[in-house]
Amino acid sequence: MTRFKVGIDSYCLNPLQWDPNTILEWVAEQGGDGVQFSEVHLPHGRETDTPFLIDLAAAARDLNLYVEWGGGQHVPYDTTSWQAKDLAPGNRRAAEQANTLGTRVIRSCSGGFFRWRDESPSTDQLLQGMVAALKPQRDVFADLGVTLAIELHFEFTTFELVRLFEMLDAEPGEWLGVCLDTFNVLPLLEDPVAATRRILPWVVSTHVKDGGLIADDTGIVAFPTTAGRGLVDLPAIIQLLGTVERPVNLSVEDHGGSFTTDFRDANLMARFPDVTASELDRLMGAARVGIERVKSGEFAVTEREDWPQQCQDRTKAGLHNVRELVKEMSARTA
């Protein structure tokens, strides 16, 4: 099996507001291999300028850690007002920063839960807007050797992102890709393994996130758990990622909160035209298991306000679990 590097996404430790160097040092102390920076808290007196990025790259090299960057955008609207927004300046800046850091990936996250809100444009409108906005930016990413990694983030299903890439005439491994969040597909009613198979050629980065599912009188409720302790089939997903032609880092992500999808709401379900009966059945089966594990005390929803007290210990445990999982899988295939 491919030798994976296992690190974290900085969002895990966001409540601590640590600067990037402190996060790098913490990850190195835990035996991790790198950091995907989705949140950046700058040291006093510093800016995200070229000298800062050069220093950060040097610190990562000294610790033998990978770095992946954020700051990308793919939805060309202000998602509070739905006024048009020019993505080009911000994406160019993020791509230039990534190029200075020596990383090929910038994560793009533009909000989420659009189809849950009646005032949002339709998914088709959003996809057409993204085609018009992103197509002129192709050369910027290509010239800087950077891939815009659209995170699976409660916005678009894997079915829809594949259609987006087809509309953009993009090819895997070029200027557009996906940050595979192994948990975030659950509220979108996708089975994580099936979703990974659909989007696999496009995966350039990850959020290895685990979770639980329960079904109650509000629908399916998904909530993050310590990586390696939830219901997401991480071994199957990692096995699939091992077949990708390019190296893919495994960045553990964890946080508090829960997310509800009422699959009995006909108006909401009409906005999920690609949902399959077989995947919904698998999710319901997982939810039944989740209910039993909640009853036994093995699972519990972590409220967001409780995350700051738990973030270090749970991130450390998740990083350890995924590293051990990769080690065991490698040993079996050696």
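The values are calculated or read from the model by the stated rules, or taken from the named source; none is laboratory data. Note that this is a predicted model, so its numbers are computed, not measured. Every residue, glycine among them, receives a Cβ derived from its backbone with ideal geometry; neighbour counts consider all protein chains shown.
What number of residues within the stretch 44-75 are assigned to a loop (DSSP other than H, G, I, E, B) and either of a type in the set (D, E) or over 20 Å from A98 (Cβ atoms) (or both)?
Initial filter on the stretch 44-75 (assigned to a loop (DSSP other than H, G, I, E, B)): 44-49, 63-65, 73-75.
Now restrict to residues that are either of a type in the set (D, E) or over 20 Å from A98 (Cβ atoms) (or both): 44-45, 47, 49.
Final tally of qualifying residues: 4.
Of the conditions (1) loosely packed, with under 14 Cβ neighbours inside 10 Å; (2) in a loop (DSSP other than H, G, I, E, B); (3) free of Cβ contacts under 8 Å to residues at least 60 places away in the same chain; (4) not charged (D, E, K, R), V40 fails just one. Which one is it?
Just one mismatch for V40, condition (1).
I'm trying to understand the selection: among the residues of the stretch 156-184, which are farther than 18 Å from I237 by Cβ and surrounded by 24 or more Cβ atoms within 10 Å (Cβ to Cβ)?
Residues satisfying the conditions are F156, L176.
Of everything in the stretch 134-153 that's in contact with a helix residue (DSSP H, G or I) (Cβ under 8 Å, 6 or more places away or on another chain) and surrounded by 18 or more Cβ atoms within 10 Å (Cβ to Cβ), which residue is farthest from S251 (Cα to Cα)?
Initial filter on the stretch 134-153 (in contact with a helix residue (DSSP H, G or I) (Cβ under 8 Å, 6 or more places away or on another chain)): 136-137, 140-141, 144-148, 150, 152.
Narrowing the set further to residues that are surrounded by 18 or more Cβ atoms within 10 Å (Cβ to Cβ) leaves 137, 141, 144, 146-148, 150, 152.
On the way: Q137: 27, F141: 22, L144: 23, V146: 18, T147: 17, L148: 16, I150: 15, L152: 14 Å.
Among them, the one singled out is Q137.
Only one of (1) in contact with a strand residue (DSSP E or B) (Cβ under 6 Å, 6 or more places away or on another chain); (2) at pLDDT 95 or above fails for E96. Which number is that?
(1)
Looking at V204, V232, which is the one that is touching a strand residue (DSSP E or B) at 6+ places or on another chain (Cβ under 8 Å) and either among the polar types (S, T, N, Q) or in a strand (DSSP E or B) (or both)?
Details: V232 fails: either among the polar types (S, T, N, Q) or in a strand (DSSP E or B) (or both).
Sole residue among the options that is touching a strand residue (DSSP E or B) at 6+ places or on another chain (Cβ under 8 Å) and either among the polar types (S, T, N, Q) or in a strand (DSSP E or B) (or both): V204.
Would you point out the residue of the stretch 196-226, among those that are among the hydrophobic types (A, V, I, L, M, F, W, C) and under 17 Å from the mean Cα position of the chain (by Cα), that is surrounded by the fewest Cβ atoms within 10 Å (Cβ to Cβ)?
My answer is L200.
Residue by residue through the stretch 69-83, note down the ones that are under 20 Å from the mean Cα position of the chain (by Cα) and at pLDDT 95 or above. Lay out the reasoning, then the answer.
Step one: filter the stretch 69-83 for residues under 20 Å from the mean Cα position of the chain (by Cα), giving 69-76, 79.
Hits for the stretch 69-83 are W69, G70, G71, G72, Q73, H74, V75, P76.
Filter the stretch 13-37 down to the residues that are in a helix (DSSP H, G or I), among the hydrophobic types (A, V, I, L, M, F, W, C) and either touching a helix residue (DSSP H, G or I) at 6+ places or on another chain (Cβ under 9 Å) or free of Cβ contacts under 8 Å to residues at least 12 places away in the same chain (or both) and list them by number.
Scanning the stretch 13-37 gives L13, L16, I23, L24, W26, V27.
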